[in-house]
1. Picking from Ala14, Gln130, Val149, whose Cα lies most toward the positive end of the charge dipole for the chain (charges on Cβ: Lys, Arg +1; Asp, Glu -1)?
2. Cα convex hull of the chain: mean projected area in nm², to one decimal?
3. Subtract the Cα-Cα distance of Met29 and Gln3 from 0.36 nm times their separation in residues, and report this length gain in nm to one decimal.
4. Pairs of alpha-carbon atoms within less than 8 angstrom and 6+ residues apart define the contacts here; what relative contact order does the chain have, in percent?
5. Carbon and sulfur: what percent of segment 58-147's accessible surface (1.4 Å probe)?
6. Only Cα pairs under 8 Å and at least 6 apart count here; give the relative contact order of segment 23-70 as a rounded whole percent.
7. Per residue, how much accessible surface does segment 1-98 expose to a 1.4 Å probe? Answer in Å², no decimals.
8. What number comes out for the charge environment of His73, summing +1 per Lys or Arg and -1 per Asp or Glu over other residues with Cβ under 10 Å away?
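The values are calculated or read from the model by the stated rules, or taken from the named source; none is laboratory data. Remember, predicted model here, so these are calculated numbers, not experimental data. Here the Cβ is made from the backbone with ideal geometry for all residues, glycine too, and neighbour counts use every protein chain on show. Protein only, heavy atoms only, side chains kept; ligands, DNA and RNA dropped before computing areas. Shrake-Rupley method; radii C 1.70, N 1.55, O 1.52, S 1.80 Å.
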Amino acid sequence: SGQYSYARIASPEALFPGENQERMAASIMYNRPFRNGNWANTILWGRTRSLEDDSIFNSYLLESTVRFLNRNHAWTRIENAERSNELILGENPFPPGFREKPIGHVQAYTFGYDHDFDVIPHVASAIGAQFTTYGVPDVLKPIYGVHPVGVALFLRLRPFSGQER
């Protein structure tokens, strides 16, 4: 399946209340069931354009999740988001004549796994972990760090009805 959406948004950002934007997104999803499992994938593109100064920022995503042997899930997610020179200024006021413009892309690479177990009736419970590492251009390393990473350990609780999990 796929979708495309478009919106004009009045004043979506609190820091720039006078700036209106248009946003677009398009995605394609693919789902493939197999014995004791399922494989789901998404490719997505998003764009934000300022109607004030015509600056354009694009983002991309690829995500894939596989459920196997009924109770195991593994996933990966790759994101690529365009970043603005506004990040370099931090909390400082904008200089006169400042114009927001793209200065580089930040990538996030996530890998995760969880395993379902039964504890509470009609609640699918899982324990899992995910690891994310980032690709950062040199100009943004003072903000993001030289080798940024993230690790999450979690407990998931998801209600369900009937016999389906």
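1. The listed residue farthest towards the positive side: Gln130.
2. Averaged projected area of the chain's Cα convex hull equals 12.5 nm².
3. Taking 0.36 nm per residue and subtracting the Cα distance, the gain is 8.5 nm.
4. Values: 358 pairs, mean separation 22.3, N = 165.
Answer for the chain is 14 percent.
5. Carbon-and-sulfur percentage of accessible area, whole number: 60.
6. 38 percent
7. Numbers: 6370 Å² over 98 residues.
Each residue of segment 1-98 exposes 65 Å² on average to a 1.4 Å probe.
8. After counting each charged neighbour, the total is +1.
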